[in-house]
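Visitor: One structure coming up, written as structure tokens, with questions to follow.
Read-outs: derived from the displayed coordinates by stated rules, not from any lab. Please read these numbers as outputs of a predicted model, since none were measured by experiment. Cβ atoms come from the backbone with ideal geometry, glycine included; neighbour counts cover every protein chain shown.
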Amino acid sequence: MTGLPPDLPLSGITVVSLEQAVAAPFATRQLADLGARVIKIERPGDGDFARRYDTTVHGESSYFVWLNRSKESITLDLKTPGGREVLERLLAGADVFVQNLAPGAAARLGLAPESLAERFPSLITAGLSGYGTSGPWADRKAYDLLVQCQTGLVSLTGNEHGTARAGVSVADIAAGMYLYTGVLTALFTRATTGVARAVEVSLFEALAEWMHQPAYYTRFGGTQPPRIGTRHATIAPYGAFTAADGKDVLFSIQNEREWTALCARFLERPELAADPRFATGSARVAHREELDALVAERFTGLDSGAAMKLLDEAGIANAGVNDMTEFLAHPVLDARGRWRDVGIPGGARIPALLPPADLSGTSPRMDPVPAVGEHTERILTELGYGPDAIAGLRAADVL
């Protein structure tokens, strides 16, 4: 439908996405990064409600500008016959259809995978739900924090004083990643076998996959891992310690060589390496409080820079606990050239991080974030609608 850089891996692939919020837009943005043409269908008027989560980025939502660069926006009221006709024309020329509508909404619109497969045999359908499209919770709505609660993640996050949500939308991000990789797999399968297979991902099952380790620990250990802040349930010492300058430094001991080096070169107490309280990993966990007190005391005599230098010299991985301002100024991002400017509605340009997967010989697509319905007329013209027909759709409140 439109020209994109031909050297990108997904150039020539068209994705039509009936998406909102975080998970599905995260998946389709990554497809757009790789060169796919992503046509985002939004509600007439306000569009995707994630546009209004906040107004911190020159009046735009921080969520929306993160998730929607390099896409084209068309507004359609799919409850109208005219809107559904436009969608049918879009799907006839598409390779992938993505949706994360409320439970049952896709089926009511005639967009269930089975129905679409009959009309468009080569179309890959990708649906994202809260708890799956079958089973006792198929009709329940879900969002990120609900799923963090249901998978037990919140019960593990925090400290002895209480639980906490993860600081980013991990259920949405997990589901978006699995939807993205599922679509890539389906595209490969179609290319090699000619069969277009449907993809289904739920937020709950995506995050459930990430919960396997604590689930095994609980099932076979008889109790779940405790909430211990930055510490680790089965490794000690592991966590953040406050240096003399007030900066927290996190490190962990991964093996006996590192433990011996910590005692000799950081704690300056080599005899601790063979102390029966600390001589093995399980012993160190059992005597965590005593061990952490020894480490914390050593940190009080060192500023964070000196502490990290000693840990580096001992061959022990460590890092300062950065706030967001420190992250934004991180020397790795600057030295590796990871920032690119991206346009947003209104004409401003903002820095955006390159996708984390570098493909040699290509540069990812980093095109602007669209305004609501910005590409409606151009897309309709490509579909064969003339000026009078487009005016008629506007008069009928389809657009």
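Visitor: Give the order of 10, 145 when sorted by the count of other beta carbons within 10 angstrom, beginning with the fewest.
Guide: Numbers: 10 23, 145 16.
Ordered from fewest to most neighbouring Cβ atoms within 10 Å, 10, 145 come out as 145, 10.
Visitor: For residue 188 and residue 230 in one chain, what is 0.36 nm times their gap in residues minus the Cα-Cα distance, to one decimal in nm?
Guide: This chain segment gains 11.1 nm when fully extended.
Visitor: What angle do you read, to the nearest 10 degrees and between 0 and 90, between the alpha-carbon axis of helix 304-313 and the longest principal axis of the chain?
Guide: Result, in degrees: 80.
Visitor: Continuing with the same structure: Hey, quick one: spin label on residue 102, modelled 7 Å out along Cα-Cβ, who in the stretch 31-73 has an amide N within reach, i.e. under 14 Å?
Guide: Residues passing the 14 Å test: 49.
Visitor: Related question: Report the local net charge at residue 207: Lys and Arg +1, Asp and Glu -1, summed over other residues whose C-beta lies under 14 Å from its C-beta.
Guide: Values: positive: 165; negative: 144, 172, 205, 209.
Net local charge, residue 207 excluded: -3.
Visitor: Take the Cα atoms of the chain, find their three principal axes, and give me the spread along each one in whole Å, biggest first.
Guide: 85, 47, 41
Visitor: May I have the count of lysine pairs in the chain with C-alpha atoms under 28 Å apart, counting pairs 8 or more residues apart or located on different chains?
Guide: Numbers: 40/71; 40/79; 40/141; 71/79; 71/141; 79/141; 247/309.
Lysine pairs meeting the criterion: 7.
Visitor: Then there's this: With only Lys, Arg, Asp and Glu charged, each at its Cβ (+1 for the first two, -1 for the last two), find how big the charge dipole of the stretch 238-320 is about the Cα centre; round to the nearest 20 debye. Walk me through the numbers before you get to the answer.
Guide: Details: 9 positive and 14 negative charges, 28 e Å.
Magnitude of the dipole: close to 140 debye.
Visitor: Residue by residue, what Karplus-based ³J(HN,Hα) values in Hz, rounded to whole numbers, does the stretch 136-148 have, using 6.51, -1.76 and 1.60 with θ = phi - 60° and x for Gly and Pro?
Guide: Calculated HN-Hα couplings, in order: x, 10, 4, 9, 7, 6, 8, 9, 3, 5, 4, 6, 4 Hz.
Visitor: Now, a different point. Which three extents, in whole angstrom, do the alpha-carbon atoms of the stretch 238-320 cover along their principal axes, largest first?
Guide: 33, 23, 19
Visitor: Of all the stretches in the chain, which is the longest one without any exposed loop site, taking chymotrypsin sites (Phe, Trp or Tyr not before Pro) in a DSSP loop (any state but H, G, I, E, B) with at most 16 other Cβ atoms within 10 Å?
Guide: The answer is 144-399.
Visitor: Sorting 54, 144 on the 10 Å Cβ count, fewest up front, what's the list? Mind dumping the intermediate values first?
Guide: Numbers: 54 13, 144 22.
Ordered by Cβ neighbours within 10 Å, fewest first: 54, 144.
Visitor: Quick one: if the Förster radius is 45 Å, what FRET efficiency do residue 277 and residue 141 give, using the C-beta to C-beta distance and rounding to 0.05?
Guide: Details: r = 51 Å, r/R0 = 1.13.
Between residue 277 and residue 141 the formula returns 0.35.
Visitor: Another question, then. So how do 360, 115, 73 line up by other beta-carbon neighbours within 10 Å, fewest first? Working shown, then result.
Guide: Details: 360 4, 115 14, 73 22.
Lowest to highest Cβ neighbour count: 360, 115, 73.
Visitor: Please determine, in degrees from 0 to 90 and to the nearest 10, the orientation of helix 288-299 with respect to the longest principal axis defined by the Cα atoms of the chain, where the helix direction is its Cα long axis.
Guide: For 288-299 against the chain, the angle is about 90 degrees.
Visitor: Skipping prolines and chain starts, which residues have an amide H placed within reach, meaning under 5 Å, of the one on residue 229, given they are 5 or more residues away or on another chain?
Guide: 158, 159, 160
Visitor: Just 105, 186, 371 to compare: in a GNM of the chain, with alpha carbon springs under 10 Å, which one fluctuates most?
Guide: Highest fluctuation among the options: 105.
Visitor: Can you order the peptides 157-163, 77-83, 361-367, 14-20 by their average number of other Cβ atoms within 10 Å per residue, highest first? It would help to have the intermediate numbers written out before the result.
Guide: Values: 157-163: 11.7, 77-83: 16.3, 361-367: 14.7, 14-20: 23.3.
Output ranking for 157-163, 77-83, 361-367, 14-20: 14-20, 77-83, 361-367, 157-163.
Visitor: Pull up the DSSP beta bridges for the chain and report the antiparallel fraction as a percent, rounded to 5. Write out the running numbers ahead of the final one.
Guide: Numbers: 16 of 37 bridges.
In the chain, approximately 45 percent of DSSP beta bridges are antiparallel ones.
Visitor: Separate question: In terms of modelled amide H atoms, which long-range or inter-chain residues lie less than 5 Å from the amide H of residue 202?
Guide: Counting only residues 5 or more places away or on other chains, the set is 129.
Visitor: Placing unit charges on C-beta atoms (Lys and Arg positive, Asp and Glu negative, everything else neutral), compute the dipole magnitude of the stretch 133-291 about its Cα centre in debye, rounded to 20. Write down the numbers at each step before the final one.
Guide: Working: 15 positive and 16 negative charges, 58 e Å.
Charge dipole, the stretch 133-291, about its Cα centre: 280 debye, nearest 20.
Visitor: Would you kindly derive the ³J(HN,Hα) couplings of the stretch 263-280 from the backbone phi angles with the Karplus curve 6.51 cos²θ - 1.76 cosθ + 1.60 (θ = phi - 60°), listing them in order in whole Hz, with x for Gly and Pro?
Guide: 4, 6, 9, 9, 6, 6, 9, x, 5, 5, 4, 9, 4, x, 5, 10, 6, 10
Visitor: Place +1 on the Cβ of every Lys and Arg and -1 on the Cβ of every Asp and Glu in the chain, take the dipole about the Cα centre, and give the residue among 68, 239, 39 whose Cα lies farthest towards its positive end.
Guide: Most positive-ward Cα: 39.
Visitor: Here is a follow-up. Run the dipole for the chain about the Cα centre, Lys and Arg Cβ at +1, Asp and Glu Cβ at -1, nothing else charged, and hand back the magnitude in debye, nearest 20.
Guide: Values: 37 positive and 47 negative charges, 112 e Å.
Dipole magnitude for the chain comes out near 540 debye.
Visitor: Between residue 114 and residue 336, how many nm apart are label points set 7 Å from Cα along the C-beta direction?
Guide: 4.6 nm
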